[in-house]
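Read the structure below first, then the notes.
The values are calculated or read from the model by the stated rules, or taken from the named source; none is laboratory data. In this text the structure is predicted, and so the values were computed from the model without any measurement. Quick reminder, even Gly has a Cβ in these numbers, built from the backbone with ideal geometry, and neighbours come from all protein chains shown. Side chains are part of the model used for accessible areas, which takes the heavy atoms of the whole protein and leaves out ligands, DNA and RNA. Shrake-Rupley method; radii C 1.70, N 1.55, O 1.52, S 1.80 Å.
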Amino acid sequence: MKNDTSVSFQKSTILPWVELRIADKSSSCYDLHSHDEFSFGIIDQGQAGYHNRHYRHRIGVGDIVTINPADTHSCNPESEVWSYRMLFIDTFKMGKMQQEVMQNETCDYLPFKRNVEQTPEIKQSVISLIQSLQTEESLLQVQSFLFDFIEKSVGNSWEDKPGKTNVYPGLNRVREKLLDELQNTHQLNELADEAGMSRYQLLRAFKRQFGLSPHAYLMDEKIKRAKKLLKSGQTISDTALQLGFSDQAHFQRQFKRKLAVTPKFYQSHFIY
């Protein structure tokens, strides 16, 4: 039997308990089977028949497929080829993160509620998570996106009480730490300890208070400082190094996401 060469696998180096499977124009079919891990992903091309938990679905481009550990399922193309990206996440690790989101430690893990998700919020959450895992630029970013997906897929119980203004002094310490150590690699665990909160509580409260997640806030500040450095005549490579980007390519990608132009193009309007 020939291997399906349209499929590639990638084990995350920053979250080694996460595996990414990418099928590009595949025509392979699968027998009913199950996984030990949580698995979910997005259909990028084509249509397929999806069988899971005694239900049958017809899925297509943009649909999010979710599969719980031990669910017997199959997913086979109805068109000639189809493409998809799937994540496989260790059940124990996923369960621990779910417990933080739900503030509930009475069960090992919470199953996905539906086999197929089609809401724009969940779709964007999955796309952002997969992209961050493919580039592996920041552990803080990946963890933020994973918590966001968990919140959207299984819900959460951690909410501020209506009508009450909650003040979390630890958030200002985290903010100052990010600003003072702009070039450093920050760990979500360490930031949560600094704030005296769980990882998920920190993400929610920080975004509510400052408008961005800690990673997005850090990146936004980096780009603002990069603009000043570039206008002063500093080279692109030195700017990337000084601000703690993993490499020049990483800096250029982030800069263009914020300003829609490359650092070189931006600098050319100030340095002749």
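Based on DSSP H runs of at least 4 residues, each adding -39500 (n - 2.57), what is the mean residue ellipticity at 222 nm of the chain after dividing by all its residues, to the nearest 500 deg cm²/dmol? List each step's numbers first, then the result.
Details: 10 runs with 118 residues, N = 272.
It comes out at -13500 deg cm²/dmol, rounded to the nearest 500.
Looking at region 1-69, what % of the alpha carbon pairs are farther apart than 16 Å? Don't skip to the answer; put the middle values down first.
Values: 1359 of 2346 pairs.
That tail contains 58 percent of the Cα-Cα pairs.
Tally Lys/Arg at +1 and Asp/Glu at -1 over every other residue whose Cβ is under 13 Å from the Cβ of residue 13; what's the total?
Values: positive: 11; negative: 19, 136, 137.
Taking every other residue near residue 13 into account, the sum is -2.
Extending each Cα 7 Å along its Cβ direction at residue 184 and residue 74, get the distance between those two points in nm, one decimal.
According to this spin-label approximation, the distance is 5.4 nm.
How many nm is it between the label spots at residue 28 and residue 135, if each spot is 7 Å from the Cα in line with the beta carbon?
Roughly 2.8 nm, to one decimal.
Given the whole protein assembly as supplied and a 1.4 Å probe, what does the accessible area of residue 36 come to in Å², nearest 10?
130
Measure off 7 Å from each Cα along the Cα-to-Cβ vector at residue 235 and residue 53, then give the distance between these two points in nanometres to one decimal.
For residue 235 paired with residue 53, the spin-label model returns 5.6 nm.
How do 9, 210, 88, 38 rank by accessible surface area computed with a 1.4 Å probe, from largest to smallest?
On the way: 9 125, 210 55, 88 25, 38 0 Å².
Ranked list, largest accessible area first: 9, 210, 88, 38.
Which whole-Hz couplings ³J(HN,Hα) result when phi for each residue of region 119-125 is put into the Karplus expression 6.51 cos²θ - 1.76 cosθ + 1.60, θ = phi - 60°, listed in order with x for Gly and Pro?
Each residue of region 119-125 in turn: 6, x, 5, 5, 4, 5, 4 Hz.
Using a 1.4 Å probe and counting only protein heavy atoms, arrange 151, 78, 117 so the residue with the most accessible area comes first.
Output order, biggest surface exposure first: 78, 151, 117.
As a test of reading the structure, rank 61, 261 by solvent-accessible area (1.4 Å probe, protein chains only), most first. If you can, show how the numbers build up before the last one.
Numbers: 61 100, 261 40 Å².
The residues order as 61, 261, largest area first.
Express the relative contact order of the chain as a whole percentage, based on alpha carbon pairs under 8 Å and six or more residues apart in sequence. Write down the numbers at each step before the final one.
On the way: 430 pairs, mean separation 37.0, N = 272.
The normalised contact order for the chain reaches 14 percent.
Apply 1/(1 + (r/R0)^6) to the Cβ-Cβ distance of residue 9 and residue 268, taking R0 = 35 Å, and write down the FRET efficiency to the nearest 0.05.
It comes out at approximately 0.25.
Between residue 41 and residues 5 or more places away or on another chain, which pairs have amide H atoms under 5 Å apart, with H built 1.01 Å from N, and which residues are they?
65, 87
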